[in-house]
1. Could we say that E31 is over 26 Å from R79 (Cα atoms) and either touching a Lys or Arg at 6+ places or on another chain (Cβ under 6 Å) or assigned to a loop (DSSP other than H, G, I, E, B) (or both) here?
2. Report, ordered by the first and then the second residue, all pairs with beta carbons closer than 9 Å, sequence separation of six or more or different chains, a first member in region 23-37 that is under 15 Å from E95 (Cβ atoms), and a second member that is open to solvent by less than 90 Å² (accessible area, probe 1.4 Å) and among the charged types (D, E, K, R).
3. Does any residue in region 46-70 that is under 12 Å from W6 (Cβ atoms) come within less than 8 Å, Cβ to Cβ, of a residue that is open to solvent by 90 Å² or more (accessible area, probe 1.4 Å) and assigned to a helix (DSSP H, G or I) six or more places away or on a different chain, and which pairs are these?
4. When the residues of region 1-41 are filtered to those that are among the aliphatic types (A, V, I, L, M) and open to solvent by 30 Å² or more (accessible area, probe 1.4 Å), which remaining residue is farthest from L62 (Cα to Cα)?
5. Return a yes/no flag: does region 149-164 have any residue that is open to solvent by less than 100 Å² (accessible area, probe 1.4 Å), on the phi < 0 side of the Ramachandran plot and modelled with pLDDT of 80 or more.
6. Please work out which one of (1) among the aromatic types (F, W, Y); (2) open to solvent by 40 Å² or more (accessible area, probe 1.4 Å); (3) at pLDDT 75 or above is the condition F97 fails and give its number.
7. So in region 62-88, with the set limited to residues that are in a loop (DSSP other than H, G, I, E, B) and open to solvent by less than 70 Å² (accessible area, probe 1.4 Å), which one is farthest from K146 (Cα to Cα)?
8. Restricting the search to region 165-174, which residues are farther than 28 Å from H69 by Cα and open to solvent by 70 Å² or more (accessible area, probe 1.4 Å)?
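The values are calculated or read from the model by the stated rules, or taken from the named source; none is laboratory data. Small disclaimer: the values here were computed from a predicted structure and weren't measured. Quick reminder, even Gly has a Cβ in these numbers, built from the backbone with ideal geometry, and neighbours come from all protein chains shown. We work out accessible area using only protein heavy atoms, side chains counted, and drop any ligands, DNA or RNA first. Shrake-Rupley method; radii C 1.70, N 1.55, O 1.52, S 1.80 Å.
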Amino acid sequence: MAPDPWFSVYDSACQIAQDIAENIQQRNRYERNGETTVKLTVTIRALLQNLKEKIALLKDLLLRALSAHQITQLEGDRRQNLLDNLVTRERLLLESFKNEGAEPDLIRSSLMTGGAKRELPNPWLFEEPEETRGLSFDAIRQQQQKIIQEQDAGLDALSSIISRQKQMGQEIGNELDEQNEIIDDLANLIDNTDEKLRTETRHVNLVDRKSTSCGMIMVILLLLVAIVVVAVWPTS
């Protein structure tokens, strides 16, 4: 696995900060002994400029990693904390460099650690998160990769669930379309049946009226026949 460039730059920046602290202490010692400090001053200025550039690069790399979703937000916050601590150390070193003869407790305590090493907790960390305290950079990178893998697995599971829900939604939509077609056909059948019923009802009414008229005619004819028979029938 290729090393994370952010941690490589961060490790280098911590080493530069350690070198600055050692050079400031040596410059202060030379000043107390009356020795020249021009060469050390030039070296410290160059190291401070280098540290400033490293910090700017770390900020840029962190922003790019977060924008490209190469790291989790939790990992981004952890790196931001490390970066903030480094910026604070840069400010303290700069103040110590400007205040000739000063040896702040920060520089003395850092020199007692014997320098920053890659496989040991960095001596310049003021406060490191509990979950990474005591871990080497390689272990931190492995922890980060594990977190990313777990996040990817969770996203894959979520994607699978969403895909199944989408498929179920499509099937439900297709079934609703089929049911709507059946309902439309049933509505058309009901309309046709209703129209046929109305037509047949009109026919029945017409036939009924005709039947009534015929009956009345027959009754009238029978009455006329009866009258004629009575009229022509000889009386005794």
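1. On the way: over 26 Å from R79 (Cα atoms): yes; either touching a Lys or Arg at 6+ places or on another chain (Cβ under 6 Å) or assigned to a loop (DSSP other than H, G, I, E, B) (or both): no.
In short, no.
2. Close Cβ pairs satisfying both conditions: I24/E103; Q25/E103; N28/E103.
3. Taking only residues 6 or more apart or on different chains, the pairs are L66/Q73; Q70/R64.
4. V38
5. Taking every residue of region 149-164 in turn, none turns out to be open to solvent by less than 100 Å² (accessible area, probe 1.4 Å), on the phi < 0 side of the Ramachandran plot and modelled with pLDDT of 80 or more.
6. (2)
7. Step by step, filter region 62-88, then rank; the result is A68.
8. Q167, M168, Q170, E171, I172, N174
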